[in-house]
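Below: one structure, written as structure tokens.
The values are calculated or read from the model by the stated rules, or taken from the named source; none is laboratory data. No experiment lies behind these values; they were computed from the predicted model shown. All Cβ positions, glycine included, derive from the backbone under ideal geometry; neighbour counts span all protein chains shown.
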């Protein structure tokens, strides 16, 4: 009698084991395959094609394993449950993202000062070759402003030190715009997204207002804007990396001047040498319904974007990362033409693209994290 | 293919197992009149699936394995044929051993040997394997390595396994395997082909011809497998991340606490990685009807270095004892010879782990310590309280891992300096690593003792029915948990694939 009981237990054990081993791949096979994971913000592996070459160099096997993992039934649910388990065991970092109380911030690598020096030297060279007033703004990121919420001793480079070092290294022709104090003193306002690496429109506004004096414009006061909550369902890049659900979704705001917008034309060059595509607004509302909602500001990163407005004022050249996308709309009140260039997507010398001396001012706008890891500013030193 | 992958777990394994369970050991096909064709169906499936499993990871150099198998099988048949001619039998053995050792020399040690020669004579010799790879790539574009010889997966394991056959046959410990399918299925048996345990032919000779598969055995195999999977995926991978990060730091700057956290993390990673793999192999073997020898027996509880090596990678130790130490005379020819034999075995054990001075030194380090224990220190250890001798052994092993897993001897030196406070005792990095990984460290400590085994045994004895009911639930829970870690696999190496 006793022996029989044990056998039943073995039988159940086998049934459970095999049921799982069979059900999961069968369900996976039956489900339709997606091309992209919106949640993780990445394209998924396609079914690889087989040939003697791809078998012997193992590409076929590697791709097939990625395919199996990318399309495995309930992929994001598996990952999320792992995250929940790990955070409940005290882990506070996932995939390069720190999980704070109600916010995700980036684990930024220790700065490499040799690399930073290369960027600084290139900018100095650029400033000495082009006789235009230059301004440089490095915006601290949420990892710096909310560093006090991190677990004790978590590696997190001091961005104040980096910004000070860089600002001290600039030559005479460059005016530094230090927005650190204004971000720090407004940290209890909603100035950074909780789930994305960008600043919010309010964060950008505060920096715009603070920079007015040095750049020579009078910022439009806050009460001259109507604030539109364009989306309250935003889960950004940090969310995609950590897949951690317990942080509140973000709200994405668009600030419309009460007096009306003066933007006449937005020209986006996606491939230099080709004709730009023309739009009549800085807000690409189609993106509000997809995952990457921040792209509602001037679209995804393009090598060059030119915004023309009906305002009086000079011409401004902005050399930037994506922090500039929600910042540029504020500037349209003070300039007749703003050109944004993104060096990450430009493989030729800037001289083939434009002449900086055609502009009245040049603004560099970077967040501290992308500035630390940047390897593209040095292109400014190329001939 | 590795066991801890979705591809193996959810595609390869269920297909092979289900077909295997429903196949008989042999299928007899009548060929008219009185003749029959007997197909060893299960062995054939093992052969084919093992070939597929191996070629998945090593699609080109699978030819080496086939070559080695063919030679050893033929050597075996000839040995049996010339049973009364000692000279011919010896020749067969020499061919087999030279071929296997030769494969290792060319594919595992040639870079090391050539680098050493180039270093001494300031010459500029290129490895012939690289030259061959280049000309193959020129024609077929297979992407074979053109700079360093890439170690064919599992070559250190399968050459040793198949040598155990010819050596034991020569020593008349076993009978010849007449069936080519039978012998090849022993070599390609997928649970153990790439990372052991080093199953000697003798261990499975009987089961190769006749074995039974039943629900109880499969269930037992599942328990072993799932336990190994958990060790690998939940413990080894998670604690391994800590060591990968600390290993990459500058040893001239890290504090003592950071260095200790790092090397302890590796201490646990390599144990759970390798013993997890062995458990999975043993479990899979049981599901297929084989009983593989035990490979680990809570080695970190050892009270002397000699004991540690009786409990760590047991099948490798057995192999060297049976085929090197004892043939050299073992301990029967006086103190001097014994010491010589021990040092030879330990130098080879180190070298087996890889072609570098670190590994040779690592092996000799243990050899010397074992000799010292033989000379009387072992008796002192026995009299000491177990906490003291246990801690002593554990520290010796941990220092050994520094030699083992740093890249060069000077790296190892700097790491030792850091461990002894050369760059300060503690810092915020160490505090952060400790605080954020304390749970995984405690789990690893617990799991490397025999407490878990004792607790489950007591539970089984007292509450047999409950235990029987809980087992399937644990199987399901661990499998699901491991799946979620595999779907999100950012870090999932197998350490013993390098050997």
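Residue by residue, here is whether (1) without any contact (Cβ under 8 Å) to a residue 60 or more places away in the chain; (2) in a loop (DSSP other than H, G, I, E, B) holds:
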{"position": "A:286", "(1), (2)": "yes, no"}
{"position": "A:324", "(1), (2)": "yes, no"}
{"position": "A:329", "(1), (2)": "no, no"}
{"position": "A:336", "(1), (2)": "yes, no"}
{"position": "A:339", "(1), (2)": "yes, no"}
{"position": "A:348", "(1), (2)": "no, yes"}
{"position": "A:362", "(1), (2)": "no, no"}
{"position": "A:370", "(1), (2)": "yes, no"}
{"position": "A:378", "(1), (2)": "no, no"}
Within the stretch B:388-402, residues being over 21 Å from residue B:415 (Cα atoms) and under 29 Å from the mean Cα position of the chain (by Cα) number 2
Scanning the stretch B:56-71 residue by residue, the ones that are under 14 Å from residue B:158 (Cα atoms) and either in contact with a helix residue (DSSP H, G or I) (Cβ under 7 Å, 6 or more places away or on another chain) or not assigned by TED's automatic domain parsing to the domain that holds residue B:153 (or both) total 6
Looking only at the stretch A:17-50, which residues are within 13 Å of chain B (Cβ to nearest Cβ), more than 33 Å from the chain's Cα centre (by Cα) and either part of a helix (DSSP H, G or I) or crowded, with 18+ Cβ neighbours inside 10 Å (or both)?
-> A:17, A:18, A:19, A:20, A:21, A:22, A:23, A:24, A:25, A:26, A:27, A:29
Could you tell me which numbered condition residue B:486 fails, if it satisfies all but one of (1) facing chain A (nearest Cβ under 9 Å); (2) within 25 Å of residue A:7 (Cβ to Cβ)?
-> (2)
Mind counting the residues in the stretch B:407-436 that are within 14 Å of chain A (Cβ to nearest Cβ), free of Cβ contacts under 8 Å to residues at least 40 places away in the same chain and either closer than 15 Å to residue B:252 by Cα or surrounded by fewer than 16 Cβ atoms within 10 Å (Cβ to Cβ) (or both)?
-> 2
Per the list (1) within 19 Å of the chain's Cα centre (by Cα); (2) part of a loop (DSSP other than H, G, I, E, B), residue check on residue A:207 breaks on (2)
Going through the stretch B:442-454 in order, the residues found to be within 14 Å of another protein chain (Cβ to nearest Cβ) and more than 13 Å from residue B:231 (Cα to Cα) are B:442
Conditions: (1) in contact with a helix residue (DSSP H, G or I) (Cβ under 9 Å, 6 or more places away or on another chain); (2) closer than 20 Å to residue A:381 by Cα. Residue A:182 meets all but one. Number of the miss?
-> (2)
Residue B:102 under 24 Å from the mean Cα position of the chain (by Cα), more than 14 Å from chain A (Cβ to nearest Cβ) and either free of Cβ contacts under 8 Å to residues at least 12 places away in the same chain or in a loop (DSSP other than H, G, I, E, B) (or both) | yes
Looking at this structure, is residue B:380 in a helix (DSSP H, G or I) and without any contact (Cβ under 8 Å) to a residue 12 or more places away in the chain?
-> yes
A careful count of residues in the stretch B:455-478 that are crowded, with 17+ Cβ neighbours inside 10 Å and more than 14 Å from chain A (Cβ to nearest Cβ) gives 0
Options A:350, A:335, A:327, A:345: the member that is in contact with a strand residue (DSSP E or B) (Cβ under 9 Å, 6 or more places away or on another chain) and either closer than 18 Å to residue A:254 by Cα or not assigned by TED's automatic domain parsing to the domain that holds residue A:280 (or both) | A:327
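Is it true that residue A:53 is assigned to a helix (DSSP H, G or I), surrounded by 14 or more Cβ atoms within 10 Å (Cβ to Cβ) and facing another protein chain (nearest Cβ under 8 Å)? Walk me through how you get there before you give the answer.
Working: assigned to a helix (DSSP H, G or I): yes; surrounded by 14 or more Cβ atoms within 10 Å (Cβ to Cβ): no; facing another protein chain (nearest Cβ under 8 Å): yes.
For residue A:53, the condition - assigned to a helix (DSSP H, G or I), surrounded by 14 or more Cβ atoms within 10 Å (Cβ to Cβ) and facing another protein chain (nearest Cβ under 8 Å) - is not met.
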Output for the stretch B:61-99, where each listed residue is touching a residue at least 40 places away in the same chain (Cβ under 8 Å) and within 19 Å of residue B:127 (Cβ to Cβ) | B:61, B:64
Within the stretch B:1-40, considering residues that are more than 14 Å from every other protein chain (Cβ to nearest Cβ) and in contact with a helix residue (DSSP H, G or I) (Cβ under 9 Å, 6 or more places away or on another chain), the one surrounded by the fewest Cβ atoms within 10 Å (Cβ to Cβ) = B:24
Only one of A:81, A:88 is within 11 Å of chain B (Cβ to nearest Cβ), buried (at least 18 other Cβ atoms within 10 Å of the Cβ) and without any contact (Cβ under 8 Å) to a residue 40 or more places away in the chain; which?
-> A:81
Since residue B:53 meets every condition but one in (1) modelled with pLDDT of 90 or more; (2) away from chain A (no Cβ under 14 Å); (3) crowded, with 19+ Cβ neighbours inside 10 Å, which condition does it not meet?
-> (2)
Would you check which residues across the stretch B:301-313 are under 18 Å from the mean Cα position of the chain (by Cα) and buried (at least 20 other Cβ atoms within 10 Å of the Cβ) and list them?
-> B:308, B:309, B:312, B:313
By my count, helices (runs of 4 or more DSSP H) wholly in the stretch B:175-251 with at least 2 residues that are touching a helix residue (DSSP H, G or I) at 6+ places or on another chain (Cβ under 6 Å) and under 15 Å from residue B:287 (Cβ atoms) are B:215-230
Scan the stretch B:249-259 and give yes if some residue there is away from every other protein chain (no Cβ under 14 Å), surrounded by fewer than 21 Cβ atoms within 10 Å (Cβ to Cβ) and at pLDDT below 95, otherwise no.
-> yes
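With the structure loaded, tell me whether residue A:272 is touching a helix residue (DSSP H, G or I) at 6+ places or on another chain (Cβ under 6 Å), outside any helix (DSSP H, G or I) and farther than 18 Å from residue A:327 by Cβ or whether it fails that test.
On the way: touching a helix residue (DSSP H, G or I) at 6+ places or on another chain (Cβ under 6 Å): no; outside any helix (DSSP H, G or I): yes; farther than 18 Å from residue A:327 by Cβ: yes.
So residue A:272 fails the test.
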A careful count of residues in the stretch A:91-137 that are touching a strand residue (DSSP E or B) at 6+ places or on another chain (Cβ under 6 Å) and within 14 Å of chain B (Cβ to nearest Cβ) gives 4
